[in-house]
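Comments concern the structure below.
The values are calculated or read from the model by the stated rules, or taken from the named source; none is laboratory data. These figures come from a predicted structure and were not determined experimentally. Note: ideal-geometry Cβ built from the backbone for every residue, glycine included; neighbour counts use all protein chains shown. All accessible areas refer to the heavy atoms of the entire protein, side chains included, with ligands and DNA or RNA removed. Shrake-Rupley method; radii C 1.70, N 1.55, O 1.52, S 1.80 Å.
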Amino acid sequence: MDDSARRLLQRLIRRIPAQMLKPTLDKWDRLTAAHRQSMDFTESKWALTEKLLAIYVIENPDHSMWYALQLVDPEDDAHSVELTQFKEQFKSHLRELIRHVSIKIKKHTDEAVWIRIAWGDSFSRPNHLKPTYVVHHLQTPYVFVTSLTSKLKPLLSQALVLSTRYQAIKDASLSARKLTAIRDLLMRQYQQVFPTKYPSSLVENNQNASNILINKEQAELAASRHQKACEAFGDGMLPQLQSAVYKLETKFRDHTNKTMTEREEAFRCVVKFASTNLLESLRHCASSGISSTPGTSLLSSIPLKGRNYFVITDNGPGPSSQTRQPPN
């Protein structure tokens, strides 16, 4: 939901008489019974608007860009942190770092902890129209954030590290417009395929291999391509990533171009792959024979390492030397 839609909802709620809010939302019929029961109509209209916005984002998490962070170096009691303890410590630590801040924490039906943070500063109240949303599954090292500026990122990172009993947090080099995509990729919540000498189950699922019009040799080649493609990218429904970025910082190598080859400075460029479902597209290219199999490790590293941002140096692919910052 963009700023204009938020402001429109705010104006609509403000214009509806207080005694008509409940019957109006009932007639609107966009809230579940559980959501309607959670609404406290004795609260101010501002508080009700804030709750409606939070419900919308939680139920429609794929309308903004999400970034993955990874907690590292857990302490001995990191895996025993409970929700109540996490809520109390997170609020306490963040309020020590910034004076004016509004924090709402709720556990969702899929066991994810949703955090809504409206930021202020020393001179202004929290801006509830531009909140940051944080999603964390307790007892896992992964955190997903959206609408977080580079200025506020250190404050959030410190509060997360202290409240989860880890020692540090880093950028996981993974982002997408679908929260479920990066969550499933990092937590391996999709159907993986492991190397095998007997790919019979995949042969049965491959219509090309079972087509009686192709001969045995073609069927075996098609089945082999499909098997290797699934080993590289997974089988069934795949996490829906939209892009993968490779930043090259390597020496230029071409014996026909001595000017570029003899330069001591590294050759820099950026290669970006984009699709509505990148992993599905890469798997299709490999299984259909458009690209060779097994696929290059640079592409298969996306599901293997759970990342879609890489820096390629002469030492090979590795983590970025500079952590990406989410856009303001």
Report task. Say whether the condition of being open to solvent by 70 Å² or more (accessible area, probe 1.4 Å) and within 26 Å of the chain's Cα centre (by Cα) is met by at least one residue in region 40-50. Result -> no
Is it fair to say residue 93 is in contact with a helix residue (DSSP H, G or I) (Cβ under 6 Å, 6 or more places away or on another chain), assigned by the TED database to the domain that holds residue 176, open to solvent by less than 60 Å² (accessible area, probe 1.4 Å) and more than 17 Å from residue 131 (Cβ to Cβ)?
yes
Selection from region 119-130 of residues surrounded by 15 or more Cβ atoms within 10 Å (Cβ to Cβ) and either out of contact with any helix residue (DSSP H, G or I) (no Cβ under 8 Å at 6 or more places or on another chain) or at pLDDT 95 or above (or both) yields 119, 120, 126
Filter region 252-266 for residues that are open to solvent by less than 70 Å² (accessible area, probe 1.4 Å) and under 25 Å from residue 292 (Cβ atoms); the one that is farthest from the chain's Cα centre (by Cα) is 254
A careful count of residues in region 241-251 that are closer than 20 Å to residue 291 by Cβ and either open to solvent by 60 Å² or more (accessible area, probe 1.4 Å) or assigned to a loop (DSSP other than H, G, I, E, B) (or both) gives 2
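Considering only strands (runs of 3 or more DSSP E) fully contained in region 79-189, which possess at least 2 residues that are under 25 Å from residue 63 (Cα atoms), out of contact with any Leu (no Cβ under 8 Å at 6 or more places or on another chain) and of a type in the set (Lys, Arg)? Don't jump to the end; show me each part of the working.
On the way: elements: 101-107, 113-119, 132-136, 142-146, 166-176.
Per the criteria, 101-107.
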